[in-house]
Every structure is written in C-alpha cells, then in structure tokens.
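For reference, the structure is listed below as structure tokens.
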Amino acid sequence: MQIKILSSFILLFFFTGIVVNSAAAKELTIYTYDSFNSEWGPGPVVFKRFEEQCACKLKVVSPGDSGIVLNRVILEKANPQADIMLGLNNSELEKSFSYDLWEPYRSPLLAKVSADLRVDKKYRVTPFDYGFIAFVYDSQKMEKPPKNLQDLLDPKYKRKIVIENPKTSSPGLSMLHWTIAVYGEQGYLDYWKKLQPNLLSVTDGWSAAYGMFTKGEVPIVLSYVTSPAYHLEYEKTERYQAAVFQEGHYRQIEFAGILKGTKRIKLAREFIDFMLSEKFQNAIPLTNWMFPVVQHQALPDSYRIAPQPKSAPELNAARVNQQNSKWLKAWSRAMSE
Amino acid sequence: MKYHPLRLLQISALLLLGAGFYWPVLSFLSGSNPLHPEESFLQGEFFLDFLSDPWNLRVIAFSLFQALLSAVLSILVGLPGAWLLTHYNFPGQRWFRLLTYLPFILPSILVVLAMVLFFGNNGWINRGLMALFGTEEPPVLFLYSLSGILIAHVFYNFPIAMKIIGDQWERISEQYLQAARSLGAGNMKRYFRITLPLLLPSIGSAFVLIFILCMNSFAIILVLGGGIRYTTIEVLIYQLARIELDFSGAASLAFLQGGLSLLGMAILLKGRNRRVEQKSVIKNWLPEKLRNHSLKAWFAVCWIILILIFTLGPLSAIVLDSFRKFENGEWIYTLYWYEKLFSWRENNHFLSSLWNSLRIGLGSAVISSFCGLGLVSLIAYKKGWQRRFWEVLTLFPLALSTVVFGVAWFHFYQGNLAGTVPLIYVVMAMHALLTCPYWIRVVLPTLESIPQQWHIESKMLGKKPLEYALRILWPWLRKTFLIAFFFSFSLSLGELNSTMMIADDSVRTLPLEIYGAISGYRFSYASAVAVILLFLSVSTFLAVERSLGHFEIFK
C-alpha cells in the first residue's frame with residue numbers, strides 16, 4: 001500500500017514537468033547573461049515593460065556569463081534560436097564580428113547616445129549601458145585612498161588588495177587592459193610585477209573578490225565605480241567608496257544586437273528601440289549598477305558617490321582581439337616568475 | 001542466454017552512458033561543430049605547441065601534484081574517521097556523519113567564502129586568537145597559498161575517503177586480527193600487515209575519485225591559492241573557453257586533462273581478489289572508553305573535535321551570515337533574508353528554483369542509481385584489463401572538464417533533442433551521468449566484499465537471481481545504497497557548470513539563484529539560500545533513510 005502511494009507520488013512529481021506549450025503567436029527570444037535576468041537584475045522589470053508595450057511574449061534565456069552566451073550564439077549560428085543577444089562587452093565585440101552574427105539596425109534613438117559610446121560604425125550592435133572599473137575601498141579602514149595606479153604599489157598595501165583574474169573574469173581582463181592602456185605594452189608587466197606583493201588573492205570572478213571585501217578580509221577590491229551606490233541605496237552607508245584615479249578608468253560598454261536569421265525582425269527592432277527608451281534606461285542604474293547610455297532622467301540620489309571619471313584610457317578593439325591571448329600569456333608567465 | 005533482469009539494466013546503463021556522454025563528446029571533438037567547421041578540434045599541432053612550452057608543462061605538473069597531495073591528505077584525514085566509525089559508537093554519531101557530507105552540496109563560491117569567513121585574516125579564528133593574545137597581526141595564515149588549496153580540498157573530500165574506507169573496514173573479520181594477536185603480532189604490525197592491505201582496494205577507490213575531483217577544481221585553486229602562482233589545467237581551459245573564446249583550444253586541453261586523469265587511474269586501479277568475511281565488529285561505546293582512559297579513545301575525541309572545527313566552523317559561518325544584514329554601516333542580526341525568501345512576490349525565483357532543484361536532484365539520483373547498478377555489475381568481481389576498461393569507461397565523465405562537457409552536450413541537444421524531450425529530463429540525465437561515477441565508487445567496495453561464493457551457493461540451492469538480490473544483496477547493501485543515493489542527490493543539487501549551457505528559465509536551480517543574488521550584491525541572501533539547500537539535503541537524507549526502512553519487509 002505504502003509503495004503504491006509512494007510511487008504515485010513519484011509519478012506526479014516528475015510529470016508535472018510536462019506543460020503543454022501553448023504556441024504564442026508573437027514570441028521574441030532574447031539571450032542574456034545570468035545576472036541580467038536574476039531576480040535582482042534589470043530583467044524582470046524591463047522585460048515585463050516590453051511585453052506590456054508590444055503585446056507579445058518574451059522568451060528569455062540566460063545560460064551564464066556573457067562568454068557562455070556568446071559561445072552559445074556562435075554554436076547555433078547555422079540554426080539560430082534567438083532573435084536578440086543582450087549583454088556583450090567591448091572585449092568580446094571583435095570576436096562576435098568575426099563570426100558575422102549580426103543583422104545591422106540603426107535605431108533612430110541612437111542619435112541620443114553620446115558619440116564615444118557608439119563604437120560600432122556599421123550598427124551591428126547597439127550600446128545599452130556602460131561602467132568603469134575602479135578600486136573600491138573601505139573608508140573605515142583607510143583614511144587616505146590611493147590616487148592613481150602607481151599608489152597601489154605602496155608597500156603599506158601589502159596583501160591588502162584583492163582583484164579578479166584576467167584569465168577568468170571580465171573585470172579582471174579590463175584591469176589588464178587598463179594597465180596596458182596606461183603603461184603601454186612595454187611597461188604593463190613591470191607594473192604588475194610590482195603590484196603582486198600587495199595582492200592577497202586574485203580570484204576567479206567578481207563574486208569571490210567582492211565577497212572577500214565586504215566580509216572584511218581586505219580593504220581594497222577591484223570592482224566598479226558604481227559599487228558604492230549599491231551600499232548607499234540599500235544599506236544606507238557611505239562607508240565604501242570608489243577611489244578616483246588620475247589616469248582615468250577603463251570603461252566597459254555593454255551591447256545588444258539582432259541576430260542574423262531572425263524571423264521577427266520588426267519585433268526585434270522594436271526591442272532595440274525600447275532598449276534606448278526611458279522604460280529600459282531608467283531601470284539600469286539601480287538594477288544593473290551601470291550608467292544608462294541615454295539619460296532620460298537624473299541619476300538616482302545614491303549615484304552621488306559613483307564618480308564619473310573624466311577620462312577613459314582605451315585600447316583599440318581590433319588590437320585587443322588580435323593581441324589578447326598574447327597579453328594573457330605574457331601576463332601569466334611574468335606573474336609566476 | 002537466459003533472460004536476466006540485470007542484463008536489461010546493464011544494457012540501458014551502457015546506452016545512457018554511450019548516447020549521453022561518449023557520442024556527443026566524441027562527435028563534437030572529432031569535428032562536427034560549427035565553431036570550427038573546417039577542421040577537427042584535436043590537432044596534433046596544438047598539442048605539440050602546447051607541450052613544447054615549459055610553462056605549460058609546469059602547469060600540468062602542478063595540477064597533478066596538488067591533486068595527488070590533496071588526495072593523499074584527504075585519505076590520511078579520512079582513515080582515522082573510518083576507524084572511528086567502525087570501532088566506536090558515540091552520541092550524535094549519525095549527525096556527525098551527515099554533517100561531514102554537507103560541504104559537498106554547496107556551490108564552490110560559498111565554500112570559498114565560508115573558508116575566508118572562518119579561517120581568513122579577518123576570520124573568526126584569527127579574530128578570536130588576536131583578541132586572546134592581544135596581537136595586531138593575524139596568527140593563522142594558511143590561506144592564499146598552497147596550504148589554503150590543500151586544506152579546502154581536504155575539507156571537501158575527506159568524507160569520501162572516510163565513507164568508502166569505513167565501509168570496507170566494517171567487513172574485515174576480527175578473526176584475522178585475533179589470529180595475528182595470538183601469534184604475538186603487535187598493534188602496529190597488525191595494522192600494517194593485516195588491516196591496511198585489506199583496506200587497500202577501498203583506499204585506491206577513494207584516491208582515484210578525490211584525485212579526479214581535485215584535478216578539475218577551479219575556484220578553490222584560484223581564490224584560496226592566492227590566484228597567480230598556482231595555475232592548473234582547468235584554469236587554462238576556462239580561460240580559453242570563456243575569455244578568449246577559443247573553443248578548440250579549450251576542448252583539446254580538456255581532452256589532455258581527462259587523459260592524464262585516466263592514465264593515473266589506469267595505473268592505480270587494480271583488480272581486487274581479497275576475500276573478506278562478514279563479521280560484525282562489536283563497537284565500543286566511546287564515552288565509556290574515555291572513562292577507562294583508553295588512549296585510542298582520546299585520540300578519537302581529538303579527531304572528532306578537529307573535524308568539527310574544520311567542518312562546522314565554515315558551515316556555521318554561512319549560517320550566521322544568512323542572519324545578518326549590513327545597515328547604516330553596521331551589521332545587524334535579522335530574519336530579513338528568510339522573510340524575503342518565503343514572501344509572496346511577483347519575481348520570487350526562489351520558490352520555483354527550490355522546486356526545480358528538488359525534482360532534478362531526486363530524478364537524477366534515481367537515474368544515477370539504476371545506471372550505477374547496471375554499470376557496477378559489469379565491474380564487480382572482474383579482474384585485469386577487462387576491469388580497468390570498465391572502470392575507466394565509467395569514470396571518464398567525471399574526468400572531463402564540465403565546461404567542455406556542457407558545450408558538447410549543448411550542441412548535441414540542439415541537433416537531436418530540442419523540442420522533443422522536455423528540458424528538465426535532459427538536465428536530469430546530464431546530472432545522472434555526472435553523479436553516476438560517484439555512485440559506483442561508493443557502492444563497488446561494499447558490493448565486492450560479498451563473497452562471490454554466496455552467489456554460486458544460492459544458485460546451487462536453486463534460488464532465482466531476484467531472490468538472491470532481495471534476500472542477500474539488498475540487506476547487505478542497503479546502507480551503502482542510501483549513502484550513494486544521497487551523494488548523487490547532493491551533487492546534483494550543487495551542480496552548475498555543465499547544465500548552464502543548455503539551461504533556460506524553466507530549469508533554474510538553487511545554485512543559479514545563489515550566483516544571481518551574489519552578482520546583485522546580496523551576499524547574505526545567497527547564504528540564506530545555501531542554508532535552505534543544506535536543510536533540503538539533510539531532510540531528503542532522513543526521508544530516504546526512513547522510506548528504506550519500510551523495505552525491511554523483504555528481509
């Protein structure tokens with residue numbers, strides 16, 4: 001008897017997974033990275049707004065970080081499953097161009113985006129937000145923050161800094177590019193070698209590094225200029241601050257684009273337009289913790305402690321694509337000497 | 001050949017393994033993929049190039065070295081545990097055992113943060129010691145170096161060694177030892193000459209499993225190793241696949257890494273022909289032995305305390321973290337995150353993830369058990385090359401980097417299954433493939449400790465195979481099955497990498513929820529989800545244990 005009940009429970013348990021798929025007449029498929037569509041990210045807010053506007057259904061798939069999403073799009077190239085990929089960053093841009101993935105579209109709203117963010121002159125991808133990497137510090141443990149990259153080499157920071165690994169994480173890679181932009185290909189390795197004694201750990205990703213920082217393990221972490229705004233907005237504290245560097249900060253821009261082979265080109269274009277509209281852009285600061293590319297309204301009050309760097313040293317995207325693996329190779333060898 | 005239910009099980013297990021692992025992976029690697037249409041992935045040139053660089057050779061050497069060291073240490077820590085659990089009973093024993101398995105369930109990001117919270121420069125231990133001695137500098141500094149890597153790996157893996165070895169130990173007949181004692185062999189001599197050799201098969205089994213796991217370890221190596229000096233093959237695979245988007249390189253390296261693990265296994269795995277008899281050891285009641293001032297008992301207590309510090313410490317750091325919130329620059333203690341978890345709100349992903357995790361975990365553990373049963377019957381009692389072949393064949397899914405497995409599977413899924421099979425079953429099958437090798441490792445030593453003679457005798461007595469299975473195998477293996485099932489379930493709960501690639505929102509699981517919360521700065525929320533994850537697996541363990549109790553009627 002008990003076995004019968006048990007087995008019918010088990011059957012019920014597994015077959016609830018099968019739900020009849022009601023074929024939606026208008027459905028747009030969007031691929032994005034996981035944290036964009038997490039409960040805390042912008043996804044739940046902006047996707048719902050778009051569904052209300054377009055009277056269509058969105059199917060959102062978020063299989064991992066942007067590297068995974070791009071891999072997936074490339075794998076599916078012959079038989080595309082998605083209409084839009086949202087969340088490609090500048091260091092992945094050239095790679096995606098080399099696979100010829102995009103259906104160009106020039107949104108009329110793009111005119112509102114400042115010229116330096118419109119990186120792709122062929123309109124294959126459209127920027128939707130941007131941010132700067134920065135060293136965030138705990139002001140309770142450090143009175144005078146470092147003022148430039150050179151300050152970080154000071155022996156007083158011995159084993160007090162945590163950064164992310166350029167080989168495995170996007171802020172880490174940006175840090176590497178930052179130092180190359182500032183010190184050139186001749187000087188960056190030298191800088192890193194001097195920085196090494198001050199690094200307590202070089203983590204696999206942002207999560208571990210920032211976790212170590214907020215748990216008090218280190219007073220300085222590589223994060224974003226907007227990180228302090230989170231703490232002000234949700235924790236009502238200005239204890240964590242971003243150190244503003246004289247060299248300027250390396251910029252990450254995030255893009256979205258329509259994928260070749262889409263059967264819903266009109267709807268996809270509507271989404272790109274929507275992405276630049278206020279309904280999307282206004283949600284970005286407090287959910288994705290990045291700056292919107294079009295400022296439809298003033299930034300939230302908590303952004304007063306997210307400094308907008310005056311200058312942003314940059315590397316040419318084509319050069320990044322060409323040299324990246326060489327740089328990473330040289331970096332890992334220099335650092336393990 | 002006569003119809004045999006086992007044959008059916010063996011065939012379906014092999015089909016699952018072949019169609020679910022070897023076919024997708026091999027066809028992907030041999031070139032049927034859009035990332036590299038013009039040539040196959042595995043190019044001799046790549047390997048020559050890679051292996052001619054001394055730096056890469058150092059990476060390979062370090063990967064092997066740390067895995068070897070971690071496995072040896074895990075076994076050294078696990079051995080006293082195995083001895084303790086087979087020779088003593090003590091209050092809270094069951095809970096102690098369960099506790100040691102728990103780290104396994106947690107996603108690696110939380111294990112890493114838990115270690116930092118507890119052992120870090122500003123962690124509990126150091127703050128406690130600093131307050132005690134009034135010093136300014138943290139006295140315990142083993143994190144962020146090789147010892148950090150090793151300690152985290154031992155923390156993770158010693159329970160495997162304890163479980164697998166302990167199971168075998170329980171079957172060692174006291175008669176041998178008594179005979180040896182009467183011949184005047186001392187304690188040490190008895191241990192090294194009799195007990196240890198009898199335990200060797202299980203030690204080998206545990207060693208192989210832990211070795212492979214540590215070869216594929218990733219977050220622990222980078223964060224707790226300090227990040228730069230210690231690089232492993234897995235880190236390079238990750239770099240190629242995720243950052244440089246050079247998939248052919250990643251796949252080739254994954255193949256190399258898997259091959260190295262296999263080579264290690266082929267050398268280590270040996271056929272076993274030792275006979276052990278069932279003879280239940282009479283266990284001593286630990287508190288009583290303590291009162292008698294038994295030196296061994298005191299050693300046991302020291303070991304228990306050490307393990308409690310190492311396991312309970314980081315785990316309770318997570319539990320505590322889930323009850324606190326940072327506000328106005330201060331930490332306050334609150335139920336806020338739990339209220340948030342269970343509050344009804346529009347975007348509550350937590351509850352659906354909980355449901356998915358539970359379904360996928362149980363489903364994959366059931367598949368894994370059947371698949372494992374089929375495969376284990378192919379390995380058991382075999383010797384020589386035949387045995388090695390089956391063992392290596394069943395272990396390979398574990399040795400291949402999950403990053404590459406995920407992509408290969410995704411390609412396979414897109415081409416063959418998408419639209420016909422609901423995604424959730426695909427995920428269950430994938431998890432089952434990854435957890436099945438554990439199942440086999442856990443069950444195999446115990447199964448083989450059953451004298452083969454019994455089978456022959458029962459045949460001679462005209463008993464049907466099913467009757468033999470129910471009357472003899474089941475009672476003997478029941479406890480082991482439970483643990484194996486629980487391992488599979490727990491591993492599935494924590495699994496993330498391989499399924500990420502094919503996942504969509506219908507199969508969101510709790511680890512994904514944890515990562516999502518952390519990337520949205522909600523670290524304490526993530527801890528709260530982790531506590532639920534732990535709670536879930538403990539209650540599943542107890543439920544399965546209870547329901548297995550009902551099957552006693554077969555005895």
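Some values worked out for this structure:
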{"quantity": "Some residue of segment A:301-310 being more than 17 Å from the chain's Cα centre (by Cα) and more than 30 Å from A:Ser139 (Cα to Cα)", "calculated": "no"}
{"quantity": "Residue within segment B:194-205 that is farther than 23 Å from B:Leu444 by Cβ and part of a helix (DSSP H, G or I) present", "calculated": "no"}
{"quantity": "Selection count, segment A:212-249, where residues are more than 7 Å from every other protein chain (Cβ to nearest Cβ), under 24 Å from A:Lys156 (Cβ atoms) and of a type in the set (Ser, Thr, Tyr)", "calculated": "3"}
{"quantity": "Residue within segment A:269-282 that is among the aliphatic types (A, V, I, L, M), crowded, with 17+ Cβ neighbours inside 10 Å and touching a Pro at 6+ places or on another chain (Cβ under 8 Å) present", "calculated": "no"}
{"quantity": "Candidates B:Ser490, B:Ser524 - the one that is at pLDDT below 90 and part of a helix (DSSP H, G or I)", "calculated": "B:Ser490"}
{"quantity": "Members of segment A:193-211 that are within 8 Å of another protein chain (Cβ to nearest Cβ) and more than 17 Å from B:Tyr230 (Cβ to Cβ)", "calculated": "A:Trp206, A:Ser207, A:Tyr210, A:Gly211"}
{"quantity": "Within segment A:249-309, helices (runs of 4 or more DSSP H) holding 1 or more residues that are within 25 Å of A:Pro228 (Cβ to Cβ) and touching a Leu at 6+ places or on another chain (Cβ under 9 Å)", "calculated": "A:284-287"}
{"quantity": "Cβ pairs under 7 Å, 6+ apart, first in segment A:221-234 and over 19 Å from A:Ile161 (Cβ atoms), second acidic (Asp, Glu)", "calculated": "A:Leu232/A:Glu238"}
{"quantity": "Residue in segment B:80-121 that is surrounded by the most Cβ atoms within 10 Å (Cβ to Cβ), counting only those that are of a type in the set (Val, Ile, Thr) and away from chain A (no Cβ under 14 Å)", "calculated": "B:Ile105"}
{"quantity": "Looking only at segment A:154-172, and only at residues there that are part of a loop (DSSP other than H, G, I, E, B) and more than 9 Å from every other protein chain (Cβ to nearest Cβ), the one that is surrounded by the most Cβ atoms within 10 Å (Cβ to Cβ)", "calculated": "A:Lys160"}
{"quantity": "Residue count, segment B:477-509 (criterion: within 11 Å of chain A (Cβ to nearest Cβ) and among the aliphatic types (A, V, I, L, M))", "calculated": "6"}
{"quantity": "Residue satisfying all of: in segment B:139-153; in a helix (DSSP H, G or I) and crowded, with 24+ Cβ neighbours inside 10 Å; farthest from the other protein chains (Cβ to nearest Cβ) among these", "calculated": "B:His153"}
{"quantity": "The listed residue being within 20 Å of the chain's Cα centre (by Cα), in a loop (DSSP other than H, G, I, E, B) and either away from every other protein chain (no Cβ under 11 Å) or under 30 Å from B:Phe342 (Cα atoms) (or both), out of A:Pro127, A:Pro63, A:Pro44", "calculated": "A:Pro63"}
{"quantity": "Lone qualifier among A:Asn89, A:Asn71 - being within 19 Å of the chain's Cα centre (by Cα), over 20 Å from A:Arg264 (Cβ atoms) and either more than 8 Å from chain B (Cβ to nearest Cβ) or among the basic types (Lys, Arg) (or both)", "calculated": "A:Asn89"}
{"quantity": "Those helices (runs of 4 or more DSSP H) lying entirely in segment B:307-389 with at least 1 residues within 30 Å of B:Leu15 (Cβ to Cβ)", "calculated": "B:349-379"}
{"quantity": "Test: residue in segment A:141-150 that is acidic (Asp, Glu), in a loop (DSSP other than H, G, I, E, B), within 23 Å of A:Pro42 (Cβ to Cβ) and away from chain B (no Cβ under 14 Å)", "calculated": "no"}
{"quantity": "Some residue of segment A:319-329 being among the small types (Gly, Ala, Ser) and assigned by TED's automatic domain parsing to the domain that holds A:Ser98", "calculated": "no"}
{"quantity": "Residue, farthest from the other protein chains (Cβ to nearest Cβ), within segment B:214-272, restricted to residues that are of a type in the set (Ser, Thr, Tyr) and assigned to a helix (DSSP H, G or I)", "calculated": "B:Ser261"}
{"quantity": "Any hit, segment A:107-117, residues being buried (at least 16 other Cβ atoms within 10 Å of the Cβ) and not in a helix (DSSP H, G or I)", "calculated": "yes"}
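The values are calculated or read from the model by the stated rules, or taken from the named source; none is laboratory data. None of the values given here were measured: they were computed from a predicted structure. Positions of Cβ are generated from backbone atoms using ideal geometry, with glycine treated the same way; all protein chains shown enter the neighbour counts.
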